[in-house]
Structure formats: structure tokens, C-alpha cells
């Protein structure tokens with residue numbers, strides 16, 4: 001087994017481990033419940049960790065995590081003049097759907 005990385009919280013750790021597993025790289029989350037003792041232990045020692053079952057998957061796993069952590073954000077201009085950023089596919093101001101050319 002190989003410790004791949006720390007995650008900022010349990011939810012992100014679970015998502016990353018699931019993404020790795022879906023890509024064919026067996027992974028698990030360790031230190032799942034240590035967040036409850038943060039304060040008694042140093043906070044950086046209480047973060048959940050992602051572990052790979054097979055060390056030979058390390059390069060591919062790091063590449064996948066990098067792509068998940070650095071996803072490009074969309075930015076489009078709605079017909080109402082509002083700039084919509086991030087993963088939103090509908091304007092928050094008027095409710096218009098994102099143009100198909102932007103998707």
C-alpha cells in the first residue's frame with residue numbers, strides 16, 4: 001500500500017477515493033474519523049488520507065487527482081448581460097440555459 005495524499009475533509013477524500021476506484025485503481029480512505037480529535041492532536045495529523053492498494057498505480061493516480069483538483073472553470077455571458085462562472089449551466093439572474101456552443 002502507498003499513501004497518495006491528504007484530503008482537506010472526509011467528503012473530498014471519499015470523492016477522490018471513489019474516482020480512483022472507478023478508474024481501476026483500488027484505493028481507500030484512512031484516518032476517516034480522526035477529525036474528531038483535532039485540537040488534541042495537531043490538525044495536520046487528523047486529515048483523511050488516500051491510500052492506493054498497488055504502488056504501481058501511483059503515477060496514473062497522481063495524474064487523475066491533479067486533473068480533478070485543477071478542472072477548468074467555464075465562463076459565459078448570458079443574454080441578460082450577466083457573466084456566469086464555474087459549473088453553472090443556468091443563469092442565476094434570469095434562468096436562461098447556457099448556450100450549447102459554450103458546453
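Here are some notes:
- Residue 79 meets the conditions (1) surrounded by 11 or more Cβ atoms within 10 Å (Cβ to Cβ); (2) farther than 17 Å from residue 4 by Cβ in every case but one. The failed one is (1).
- Taken over the stretch 82-96, the criterion of being farther than 21 Å from residue 69 by Cα and either surrounded by 11 or more Cβ atoms within 10 Å (Cβ to Cβ) or out of contact with any strand residue (DSSP E or B) (no Cβ under 8 Å at 6 or more places or on another chain) (or both) is satisfied by 82, 90, 91, 93, 94, 95, 96.
- For the stretch 1-27, taking the residues that are surrounded by 12 or more Cβ atoms within 10 Å (Cβ to Cβ) and in a loop (DSSP other than H, G, I, E, B), the one that is farthest from the chain's Cα centre (by Cα) is identified as 1.
- Annotation note: Cβ proximity below 6 Å between a residue of the stretch 17-38 that is farther than 25 Å from residue 57 by Cβ and in the same structural domain as residue 65 (by TED's automatic domain parsing) and a residue that is buried (at least 17 other Cβ atoms within 10 Å of the Cβ) and at pLDDT below 95 (sequence gap 6+ or interchain) occurs for 35/46; 38/46.
- Inter-residue pairs, beta-carbon under 7 Å, first exposed (fewer than 13 other Cβ atoms within 10 Å of the Cβ) and in the stretch 49-66, second not in a strand (DSSP E or B), 6+ apart: 54/26
- Among the residues of the stretch 42-76, those that are more than 20 Å from residue 3 (Cα to Cα) and not in a loop (DSSP other than H, G, I, E, B) comprise 74, 75, 76.
The values are calculated or read from the model by the stated rules, or taken from the named source; none is laboratory data. Note that this is a predicted model, so its numbers are computed, not measured. Positions of Cβ are generated from backbone atoms using ideal geometry, with glycine treated the same way; all protein chains shown enter the neighbour counts.
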